[in-house]
1. Among the numbered criteria (1) within 21 Å of Lys408 (Cβ to Cβ); (2) touching a residue at least 12 places away in the same chain (Cβ under 8 Å); (3) surrounded by 13 or more Cβ atoms within 10 Å (Cβ to Cβ), which one does Ala311 miss?
2. Checking the condition farther than 30 Å from Ile325 by Cβ and outside the structural domain of Pro395 (by TED's automatic domain parsing), which residue from Leu220, Leu206 passes?
3. Restricting to region 221-276, and then to whatever is free of Cβ contacts under 8 Å to residues at least 60 places away in the same chain and of a type in the set (A, V, I, L, M), can you tell me which residue is surrounded by the most Cβ atoms within 10 Å (Cβ to Cβ)?
4. Quick one: would you say Ala291 is farther than 28 Å from Gly70 by Cα and touching a strand residue (DSSP E or B) at 6+ places or on another chain (Cβ under 6 Å)?
5. Please go through region 84-106 and give me each residue that is free of Cβ contacts under 8 Å to residues at least 40 places away in the same chain and either under 16 Å from Ser212 (Cβ atoms) or in contact with a helix residue (DSSP H, G or I) (Cβ under 9 Å, 6 or more places away or on another chain) (or both), ordered by number.
6. Which fully enclosed helices (runs of 4 or more DSSP H) of region 342-411 have 2 or more residues being within 31 Å of the chain's Cα centre (by Cα) and within 30 Å of Val133 (Cβ to Cβ)?
7. Kindly provide the set of residues from region 278-303 that are over 28 Å from the mean Cα position of the chain (by Cα) and without any contact (Cβ under 8 Å) to a residue 12 or more places away in the chain, ordered by number.
Amino acid sequence: MQGNSVPDNKAPNLSFKEGKYPKSQDWAFMFLVFLLSQFLTSCTNKPERARQNLKGTYPLVSEVNRYARGFSITKYSNFDIVEVKKPWQGSEKLNFKYLLVKEGVSVPGSIRKGADLIRLPVERIVCTSTTHVAMLEALGKTEAIVGVSGADLITNKEIKERINLGEIRDIGYGRELNYEVLISLRPDVVLIYGVESEMTGLIHKLKDLGISVLMNGEYLEEEPLGKMEWIKLMATLFGLEEKAGVLFDSVSTRYELLKSKTENVNYRPVVLTGLPWKDVWYVSPGNTANAKFIEAAGATYLWEDLKSDKAVPMDLESVYLKAGIAEYWINAGTAVSISQIVNMDSRFSHFKPISSGKVYNNTAKVNSTGGNDYWESGLMHPDIILMDLISIFHPELSGDEPLVYYQKLQY
């Protein structure tokens with residue numbers, strides 16, 4: 001190797017002319033040069049051998065998310081490492097690590113340590129959330145779905161038809177999962193999400209059955225675009241990272257453009273959201289995606305100063321006192337009319353949005369079995385949701401843009 005040669009002006013004259021031999025001191029010098037050359041060769045070759053031994057284990061790129069905070073992807077030459085952070089509420093110190101490797105490719109034990117192995121390509125997948133279905137639809141990979149959880153809640157017509165034909169099985173929901181059906185589906189991976197620590201029991205159960213699991217915590221993201229960005233994680237299962245990037249960039253550009261239209265509005269109406277459940281009003285904090293939607297649409301969220309990593313339970317009296325200043329009411333549960341809301345509690349009739357007719361709900365795309373597309377395809381279209389809200393709060397900025405996910409409630 002060129003790097004091991006000794007410069008010409010430092011090398012001894014080692015040419016053996018006829019009848020000429022080096023003197024004894026020359027032999028000593030030659031020996032020293034030999035030792036030096038061996039030392040240099042050793043030093044030079046060790047890193048090269050290390051590179052050969054660890055070939056494929058140096059990260060080519062660590063993907064940097066623009067909005068999402070709950071996952072990371074590090075790409076190597078022949079595998080990916082995915083980490084899911086804070087997978088459910090109150091799990092700040094818990095991370096899941098996944099090793100995505102093509103079939104037949106071996107990975108050093110040091111890399112595999114502490115990681116769950118998922119073999120690629122994924123051809124059979126089970127979804128436990130409607131948002132998983134929406135991401136797969138956007139990637140053009142719904143044919144990989146063989147099982148779902150809560151079939152009635154799905155709005156995707158293709159998936160509904162395949163469920164009716166028996167091509168996709170319903171595995172049940174929560175603690176009522178049908179493990180026998182799940183095993184029979186032979187999934188390459190089951191996409192799951194968690195709301196509390198008891199999810200660890202389900203994860204261990206599935207792993208004991210030899211079923212690969214991938215945790216998806218997109219619902220915890222505080223930015224609407226952060227939720228959608230989880231499509232990049234889904235794309236790694238199919239090698240569709242480029243397609244996911246193009247989709248995300250297109251939607252995020254439109255979202256940010258719409259958001260810029262409301263930055264300098266002078267009027268920012270106060271907005272109330274939600275409905276009570278069994279005499280408890282679970283208030284969405286001001287650092288959630290729902291609150292960020294309202295802010296981006298040029299309005300003021302009633303609870304914008306409330307910060308928490310989960311919904312905050314409040315008694316009805318506290319909400320009644322504060323809701324008096326609200327001018328709009330949105331996201332009122334499953335209500336499709338003002339009458340339904342007032343019938344829950346007659347005091348609601350005194351709320352300003354009720355009397356002024358400014359009650360809008362995200363129930364415009366609910367199917368006959370109760371599935372709401374707002375919670376399905378809405379994940380992939382935060383730009384359309386934002387456009388809806390701008391049309392509600394600032395119709396002067398939206399022109400004649402029709403509502404898609406929202407509808408104005410009547411009596």
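1. All conditions pass for Ala311, except number (1).
2. After ruling out the rest, the residue left standing is Leu206.
3. This residue is Val270.
4. Answer is no for this residue.
5. The answer is Leu94, Lys97, Leu99, Val101, Lys102, Glu103, Val105.
6. In region 342-411, 382-393 are the helices (runs of 4 or more DSSP H) which contain 2 or more residues that are within 31 Å of the chain's Cα centre (by Cα) and within 30 Å of Val133 (Cβ to Cβ).
7. Lys278, the sole residue that qualifies.
Residue-wise test of (1) basic (Lys, Arg); (2) under 27 Å from Tyr173 (Cβ atoms); (3) touching a strand residue (DSSP E or B) at 6+ places or on another chain (Cβ under 8 Å).
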residue	(1), (2), (3)
Glu103	no, no, yes
Val107	no, no, yes
Lys113	yes, no, no
Leu120	no, no, yes
Arg124	yes, yes, yes
Thr131	no, yes, no
Ile145	no, yes, yes
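The values are calculated or read from the model by the stated rules, or taken from the named source; none is laboratory data. Remember, predicted model here, so these are calculated numbers, not experimental data. Counting neighbours? That spans all protein chains shown, and the Cβs are built from the backbone with ideal geometry, glycine included.
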